[in-house]
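The values are calculated or read from the model by the stated rules, or taken from the named source; none is laboratory data. Source: prediction; values computed, not measured. In this analysis, Cβ positions are derived from the backbone assuming ideal geometry, glycine residues included, and neighbour counts consider all displayed protein chains. Surface areas here come from the heavy atoms of the whole protein model, side chains and all, with no ligands, DNA or RNA. Shrake-Rupley method; radii C 1.70, N 1.55, O 1.52, S 1.80 Å.
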Amino acid sequence: MIRIGSGAAGVRQRGHLAALMLLALLSALLTHCIRCAEPSKPSNIILILADDQDVQLGGMTPMKKTKDLIGDAGATFVNAYTVTPLCCPSRSSILTGQYPHNHEVRNNSLSGNCSSPQWQKGPESVAFPFYLSKQKYQTFFAGKYLNQYGTKAAGDVSHVPPGWDQWHALVGNSQYYNYSLSVNGKEEKHRDSYVEDYLTDLITNRSLAFLESRSPQHPFFLMLSPPAPHIPWTAAPKYQKEFSDVKAPRDGSFDKLGKDKHWLLRQPVNPMTASSLAFLDNAYRKRWQTLLSVDDMVELLVKKLNSIGELNNTYIFYTSDNGYHTGQFSLPIDKRQLYEFDIRIPLMVRGPGIKPKQTLKAPVLNIDLAPTILDISGVNLSSVNVDGQSFLSQMAPSLRNGTERPFFLVEYTGEGQPISDPACPRLGPGLSQCFPDCVCEDAYNNTYACVRTIDGEQNLQYCEFADSESFVEVYDLASDPHQLENIVKKVDPAILQVMNQRLIKLQSCVGVTCRDVK
């Protein structure tokens with residue numbers, strides 16, 4: 001113990017000691033402030049991408065855990081859209097942040113640029129995982145990538161796209177059993193054992209193992225792409241008796257005649273046959289059953305993040321590549337049309353700075369996912385070639401300032417066969433995705449581009465078809481939410497002119513010009 005004497009000497013000693021203590025305190029405070037100013041580890045990010053999950057027709061109903069653990073814990077976007085309603089071009093838009101007319105993936109075929117050598121050399125080489133790896137993110141992918149991925153003409157399983165540290169990608173289109181994976185460039189074959197092979201659960205288990213083994217010094221990014229609820233709709237054994245009384249909803253445009261629509265919508269049998277109704281009801285029910293395993297995936301991921309102390313520093317995105325229909329306008333099942341049920345998608349996000357239980361109405365697109373993820377990671381967005389924009393400012397205003405888009409583009413290039421379908425010769429060549437009763441869901445001239453406007457004054461959709469009719473469809477969704485009446489002959493010609501000019505600009509936009517169209 002230090003003893004301080006009395007008198008003048010003692011006063012000097014006490015003053016000197018007080019000065020030393022004050023200096024030590026200031027030094028500690030300064031050190032603390034410097035540490036506060038030091039950048040913390042960037043936030044982790046998880047993107048869960050379902051396959052063909054609608055939101056308009058109740059596709060999120062089975063996802064009770066997901067809505068609780070992501071939606072209620074963060075933000076739900078009620079006007080989220082895909083810029084093209086088909087798997088491969090949509091996923092290419094998610095990876096690049098670009099409209100299809102810029103990444104040039106037109107459909108699910110190799111000739112349509114799906115996972116082609118041209119795609120691999122161009123857009124894929126600078127997709128957002130490439131930038132995340134430069135930010136020192138530990139990256140993990142599992143599930144369906146692109147429909148032609150892993151085929152011999154697309155580079156085989158040895159092709160691993162840039163930016164991925166761990167790669168567990170499905171070869172080809174969605175399956176639940178009897179498939180092959182590319183595991184870091186080597187083929188891994190799977191059969192039909194539920195415990196070992198059921199793809200949704202395999203994705204879950206491998207992602208949990210990655211989280212357990214990752215380095216705590218660096219942030220991580222996981223992209224998980226389960227097959228559900230894509231055909232063949234194979235549910236886990238424990239869920240195959242769920243929703244036994246569920247049928248596809250009969251409201252809105254269900255089994256309505258598309259009398260004033262593009263010719264493809266005028267050809268279905270109406271009313272639908274009993275066999276078609278039974279088929280689509282079965283599809284609807286099985287789709288819901290497959291989603292229960294995805295709901296389990298979300299729950300297990302959140303629990304794992306919590307157990308490793310990373311939940312509060314992780315953004316979790318949940319979305320789908322496109323919507324879906326089951327009986328709308330008498331079309332049995334598919335997703336390639338311009339209507340809300342096919343282009344509107346689920347989107348929920350939780351994470352740092354996002355207040356819980358938010359419902360956000362501003363339009364958000366799947367091309368916005370890449371810039372938002374890169375924004376979170378710290379990438380300067382002005383250095384990246386994207387058509388979309390970050391929506392971090394919408395769900396976490398305290399972190400960013402930003403603007404909302406008043407309108408956007410939806411585009412699709414129809415897919416057909418050069419010969420007539422043997423079951424439907426009277427329809428001639430050029431169609432595809434044909435069902436019994438000669439109802440075909442797609443065709444070469446099912447090629448369209450739409451402007452979708454959502455703001456305080458308008459809720460409109462304007463679409464032009466690239467066909468011999470130059471067909472135009474216009475809908476006022478404020479008064480006609482199910483798009484039952486094409487009002488092209490009733491609407492003010494001045495509005496048509498404005499929408500046409502917007503469409504022309506958007507169809508040729510690149511980068512910033514896609515965000516600044518007036």
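Tabulated values for the structure
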{"quantity": "Three semi-axes of the equivalent ellipsoid, the stretch 43-90, Cα gyration tensor, whole Å, largest first", "calculated": "20, 15, 11"}
{"quantity": "Carbon plus sulfur fraction of accessible area for the stretch 477-516, probe 1.4 Å, in percent", "calculated": "58"}
{"quantity": "Option label - P(r) over Cα pairs in 20 Å bins from 0, in percent computed here, alternatives (i) 22, 50, 24, 4, 0; (ii) 21, 53, 17, 5, 3, 0; (iii) 21, 54, 24, 2", "calculated": "(ii)"}
{"quantity": "Fraction of accessible area attributable to carbon and sulfur, the stretch 44-405 (%, probe 1.4 Å)", "calculated": "50"}
{"quantity": "Inter-label distance for THR513 and SER213, nm, one decimal - labels placed 7 Å from Cα along Cα-to-Cβ", "calculated": "4.8"}
{"quantity": "Label-point separation, LYS64 to ASN306 (7 Å along Cα→Cβ), nm", "calculated": "1.7"}
{"quantity": "Cα centre as origin, Lys/Arg/Asp/Glu Cβ charges: the chain dipole, Debye", "calculated": "2020"}
{"quantity": "Kyte-Doolittle mean at least -0.5, axial Cα span of 30 Å or more - DSSP H helices of the chain", "calculated": "7-37, 274-307"}
{"quantity": "Of LYS67/LYS247; LYS65/LYS189; LYS144/LYS238, pairs whose Cα-Cα distance is over 27 Å", "calculated": "LYS65/LYS189"}
{"quantity": "Potential extension, ALA466-SER111 segment - 0.36 nm per residue separation minus Cα distance", "calculated": "125.8 nm"}
{"quantity": "For the stretch 455-510: rounded, prolate or oblate by the Cα gyration tensor [a/c cutoff 1.5]", "calculated": "oblate"}
{"quantity": "Modelled FRET efficiency - R0 56 Å, TRP263 with GLU404, Cβ distances, 0.05 increments", "calculated": "0.95"}
{"quantity": "Ordering of 89-102, 357-370, 203-216, 431-444 by packing [mean C-beta count within 10 Å, highest first]", "calculated": "89-102, 357-370, 431-444, 203-216"}
{"quantity": "Segment SER275-LYS134, extension gain: residue separation times 0.36 nm, minus the distance between their alpha carbons", "calculated": "45.4 nm"}
{"quantity": "Inter-part distance where the stretch 314-370 and the stretch 210-276 are each reduced to a Cα centre, Å", "calculated": "12"}
{"quantity": "Anisotropy class of the stretch 53-210 from Cα gyration tensor, a/c 1.5 cut", "calculated": "rounded"}
{"quantity": "Per residue, in Å², the accessible surface of the chain once ligands and nucleic acids are set aside, probe 1.4 Å", "calculated": "42"}
{"quantity": "Calculated FRET efficiency for the pair SER40/ALA423, C-beta based, R₀ 51 Å, to 0.05", "calculated": "0.25"}
{"quantity": "Two-site FRET efficiency, GLU188 against LEU477, from Cβ-Cβ distance with R₀ of 45 Å, rounded to 0.05", "calculated": "0.45"}
{"quantity": "For the stretch 56-120, fraction of C-alpha pairs farther apart than 20 Å, in %", "calculated": "45"}
{"quantity": "Cα shape, the stretch 218-265, gyration tensor, a/c 1.5 rule", "calculated": "oblate"}
{"quantity": "Part-to-part distance (alpha-carbon centres) for the stretch 89-110 and the stretch 70-87, which is given in Å", "calculated": "18"}
